[in-house]
Structure formats: C-alpha cells, structure tokens
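Okay, so here's the structure we're looking at.
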Amino acid sequence: MTLALRPTEIAVDDGASPFGIGEQGARLLAGPIASAGAEPLGAHLARLGALPQVEVRQFLDEVAASGLAGRGGGGFPAARKVATARAAAAGKTVTVVVNASESEPASRKDRTLCALRPHLVLDGAAVAAALAGASSVVIYAHRGADAVAEAFRRAVAERRSSGLTDPVFHLGMGPARYVAGEASAAASWLAGGEAKPRALTAPLAAAGLSGQPTVVHNAETLAHLALLARFGASWWAAAGTPSSPGSRLVTVHGGDHGATVLEVVEPVTVGSLLEHAAAATATAADGWGRPGGPGSRGAGEPPVRAVLVGGYAGRFVDGAGVATLPCTTEGLALVGAAPGCGLLAPLSADACGVATAARLARWLAGESAGQCGPCLYGLADVAEALEALVAGTSSRRAVRTLRRLLGEVRGKGACHHPDGAVAMVESFLDVFAAEVDAHARRRRCPVGCAVPAWPLPQPEEAWR
C-alpha cells in the first residue's frame, strides 16, 4: 500500500476492503459476530492473551512512536495526554476517563465497540491508568445508552471476580446532549457541575476534575492502546498509512438503511466504504450492522452526489470528488475534510441539500449550551436563514448576508460548537451552490425537498 507522491493522486490498492464485525482481518472488530453480543472475559483472553505489564517510560515512548492519535474527533496525540498527567501527578489524584458518550447521533462506532468488545476498551483504560499514574477510571456515557452501560457493568463484574489487577472502575451516565460529550463538558459533569464545555486555562490532563490531572480518551482510542500493549508499535502502525497510522472505525449512515460500522485496516476509498455499507444491514435483531445482509441500497436507487464527512459539524463534500480518495486524514484533507468522529453520511441524488442543511443547522442550534451569543443567537439566525431558503422566502442577497453572518460567528464562541456548525453550513453552500441559487431565486427545487433519515434526537432538558 503506497501513497502516490503527488498529493492530488493518492492511490490505494484496489483489492483492499474494510472489515465488518467478526470478520477475519479486522483488529478492533475481530472476534465473535455481532449477534453473539458482548464478548466474555474468557473468550477475550483466549483470543488475545492476557494484558502484559508495561514499563511506563518505555511504553510511553512506544505509543508516541506509533503515532496513535485520538479517534474521538480532535486527533490529539494519545501519548501526550498521559505524559502530561504523569508529569503533573505529584501530590495529586489522577483520573482516567473513558469517553464512551458518542454524541454524534448518526455515529455508531463507539457504542458498537463498547457493547461488543467492552474488555478491549477496559484493557486500554487500565493501560492508560498505569501510564498516567491513576488508580481509578470513570466510564462516561450518555443516558439512554443501555447496551453500552450493561456491557460495561457485566465486564467490570467479570474482571473483579477473575482477580485481574485493575484500577477501580466507575460508570457515570451523563445527559444525552450533543456538546455534553466534549472532554471538558464530561470533566465538568463528573466534578458535579453541568455537562457544558468550558474554557480551559490548562489542559485537562494537567488540571481537570477539581483541578486534578484528568486523562479523557475516546473509547476507540483506548481499545487501540490495548492492542498496542499486546502487539507493539510496529504491528499496530502497519495498518493505515505512515501519516495516518493504525486501523480506524467508520460509521456509514445510509438514512433509511440504517448505520453500518466498518474497520479500515488498509487504506480504502470512500467510494469503496459506501459500496460495502450499501451491501450491509443494521438488522432489528442486533442493530449493529454487518456485511452481506438485506436492507442495502438497491441497484436502481439514486447515486450518491454528496457525503457529509466527520459528523454533523463536519463537511459536505462532492460525491464524485471524494469517491476515489482514501478515507485517511491526508486523503480527506484534499477536499477540505477530516475523519472527525469517523462518520460518512451519503446524500443521494434525490435528496435536497438545502433542506438537509437546514434541518442539521436547526438541530445544532438547539444543542447550544447557551453560554455565549454567537452560539445561542448566531446559530439560530443561521438556521432561520436556511429555513427561509427551503420555504422560498429568501433571496440571493439573503444568501450573501448568510455568508457574512457565518464569518461573524466563526471563532467567537465560548466553545467550538458554533465553529463546527459554521463549517458544515459553509461547505453546504459551496457543494450545493446551484441548488442554493435555485432556492434563492425562488425557483422549483431541482430535486424536491426530501431529506435523508439521519437521526436528530430530541435533547434532554437537563445538563446534569
């Protein structure tokens, strides 16, 4: 697998393909099939062996050398967080937080991993605790994630009864709000406050919960750490690409067809991922999605003309332009996108980009923590402008005003929530420029106002 030297022509092996749950060749998703449920501790240890004791300094260097970056959306180097906490640990209480909240409504990768491979995530949390000098680990999930909570409760009980040398595990179920999954919001809630993002004067790893060092890692990141501890940096980094090492979990949300979770081990194109997901299903029996089932995109269904990459606060990209690019950090960067939370949400040719963006913008506005004007009022104004486009009461001048408004909101928020919403809307205006112009001229929408069935859950009222 080699990348072309020219940045506009990143090549991948045409024979490479992603892996589903339980398929041979997978790493994080290796093991039992989805319908088997959570893998028990005995089966987990028989498959992977016992978690080895690591020499802290040596293994920290190995994690740094591997290039493991966070899989929660920010892409922060994993080794740096634990190293920062360890350096600040003198006389303080260090806590590791497993962020299993997965606030992106259309994403399924973390809840799939936690519900089916809980011991892999807990292994990684135990390794992170050893590296950071923590004696306790808090698993942070959203209320309503019952399968995740139950899998962790059973897994922790199994580990205790087996006598494993683990840190003390705690489970915290926070509010099911979009921004409540952000690291500082999780830390705030765990410290007794509201699950709202907060401005930081120091990294959480140096001063998080009640001023104590707090290492917040996404569940997938910790699962990778467990594999690194067992098999080493060379094996781990053999997956992916030199600049984007390691395998990666991806959720492809097919609207009415549900979500499919796939693991990318060797670089594959976005188009290949969409094709594999189209041949998969999220059945009512297990809800996780696996290749080869019914419910896939039919041969006569409309082609994909755009893809939302990286989450609801990600980027819309042209379907034809991204289809041949590898789903890697460097590949997606060529179209101004990033893996983010690992979500790919294709928009078919019979769906209206304007109506879709308007629904997303209104939902994101409703998920504001209400801590600043740009978020509370700016995002509401953006949503209103898009809804006017859909209703046929807008104009080309109003679209220009909308672009100015986006520039005024960008970078002005108390957290990064408005920045993500702005980036999504700006990408929509570019990708769907012709459609936007037709709506602004109050002409008939060329595709109608149908929208994909992407989940937009009603938020909780509480922030505690």
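Every number here is computed from the coordinates shown, using simple stated rules; none is lab data. Treat the numbers as computed from the prediction; the structure is a model and nothing was measured. Ideal geometry is used to build each Cβ from the backbone, glycine not excepted, and the neighbour counts take in all protein chains shown.
Give me 375, 352 sorted ascending by neighbouring Cβ count inside 10 Å, so fewest comes first.
Going from sparsest to densest Cβ surroundings: 352, 375.
Cut-off is 10 Å between beta-carbons; in what order do 62, 39 appear when sorted fewest neighbours first? Intermediate results must be reported in sequence, preceding the final value.
Numbers: 62 19, 39 23.
Fewest-to-most Cβ neighbours within 10 Å comes out as 62, 39.
Once phi is turned into θ = phi - 60°, what whole-Hz ³J(HN,Hα) does the Karplus curve with 6.51, -1.76 and 1.60 give for every residue of segment 123-135, x standing for Gly and Pro?
4, x, 5, 5, 5, 4, 5, 5, 5, 8, x, 9, 9
For 225, 200, 51, which order do you get if you count the other beta carbons within 10 Å of each Cβ and list the fewest first?
Ordered by Cβ neighbours within 10 Å, fewest first: 200, 51, 225.
Compute the distance from the alpha-carbon center of segment 93-126 to that of segment 399-464, in whole Å.
Centre-to-centre distance over Cα atoms comes out at 30 Å.
Quick one: if the Förster radius is 30 Å, what FRET efficiency do residue 170 and residue 377 give, using the C-beta to C-beta distance and rounding to 0.05?
Numbers: r = 38 Å, r/R0 = 1.26.
Step by step, r from the Cβ atoms, then E = 0.20.
Which shape class, rounded, prolate or oblate, goes with segment 118-253 when its Cα gyration tensor gives a ≥ b ≥ c as root eigenvalues, a/c under 1.5 marks rounded, and past that a/b bigger than b/c marks prolate?
It is rounded, given that a/c, with a ≥ b ≥ c, falls under 1.5.
Using the eigenvalues of the Cα gyration tensor, what equivalent ellipsoid semi-axes result for segment 84-198 when each is taken as the square root of five times the eigenvalue, whole Å, largest first?
Equivalent-ellipsoid dimensions as semi-axes: 22, 20, 11 Å.
Check which residues have an amide H placed less than 5 Å from residue 136's amide H, if you skip close sequence neighbours.
Here the answer is 96, 168, since their amide H atoms fall under 5 Å of that of residue 136.
For helix 56-66, report the angle its Cα long axis makes with the longest principal axis of the Cα atoms of the chain; keep it between 0 and 90° and round to the nearest 10°.
The angle comes out near 30 degrees.
Please list the non-local residues whose amide H lies under 5 Å from the amide H of residue 347, H modeled 1.01 Å from N, same-chain partners needing a gap of 5 or more.
305, 306, 307, 308
Taking Cα atoms, how many degrees apart are the long axis of helix 379-391 and the longest axis of the chain, rounded to 10 and kept between 0 and 90?
40
Is there a quick way to get the dipole size of the chain? I mean about its Cα centre, with the Cβ of Lys and Arg at +1 and of Asp and Glu at -1; what is the value in debye to the nearest 20?
The dipole magnitude comes to about 880 debye.
Using θ = phi - 60° and the Karplus form 6.51 cos²θ - 1.76 cosθ + 1.60, what ³J(HN,Hα) does each residue of segment 222-237 get, whole Hz, x for Gly and Pro?
Calculated HN-Hα couplings, in order: 5, 4, 4, 4, 5, 6, 4, 5, 7, 10, x, 5, 4, 5, 4, 6 Hz.
If amide hydrogens are placed 1.01 Å from N in the peptide plane, which non-local residues have theirs closer than 5 Å to the one on residue 72?
Here 218 satisfy the definition.
Once you have a ≥ b ≥ c as the square roots of the Cα gyration tensor eigenvalues for segment 353-440, tell me rounded if a/c is under 1.5, and otherwise prolate or oblate according to whether a/b is larger than b/c. Walk me through the numbers before you get to the answer.
Details: a/c = 1.93, a/b = 1.80, b/c = 1.07.
Because a/c hits 1.5 or more and a/b exceeds b/c, segment 353-440 counts as prolate.
Taking the Cα centre of segment 77-237 as the origin and placing charges on Cβ (Lys, Arg +1; Asp, Glu -1), which of 127, 149, 195 is farthest toward the positive end of the dipole?
Looking along the dipole axis, the top candidate is 127.
Let me spell out the model: positive unit charges on the Cβ of Lys and Arg, negative unit charges on the Cβ of Asp and Glu, origin at the Cα centre of segment 353-440. What dipole size does that give, in debye rounded to 20?
Dipole of segment 353-440, to the nearest 20 debye: 200 debye.
Work out the charge dipole of the chain with +1 on the Cβ of Lys and Arg and -1 on the Cβ of Asp and Glu about the Cα centre, then indicate which of 433, 232, 333 is farthest towards its positive end.
Farthest along the dipole direction, towards plus: 433.
Between residue 198 and residue 56, what FRET efficiency follows from the Cβ-Cβ distance if R0 is 41 Å, with the result rounded to 0.05? Can you show the working numbers first?
Numbers: r = 30 Å, r/R0 = 0.74.
According to the calculation, E is roughly 0.85.
Residue-wise, which Karplus ³J(HN,Hα) couplings in Hz belong to segment 86-99, taking 6.51 cos²θ - 1.76 cosθ + 1.60, θ = phi - 60°, and x for glycine or proline?
Residue by residue, segment 86-99 yields 5, 5, 9, 6, 4, x, 10, 9, 8, 10, 9, 10, 8, 7 Hz.
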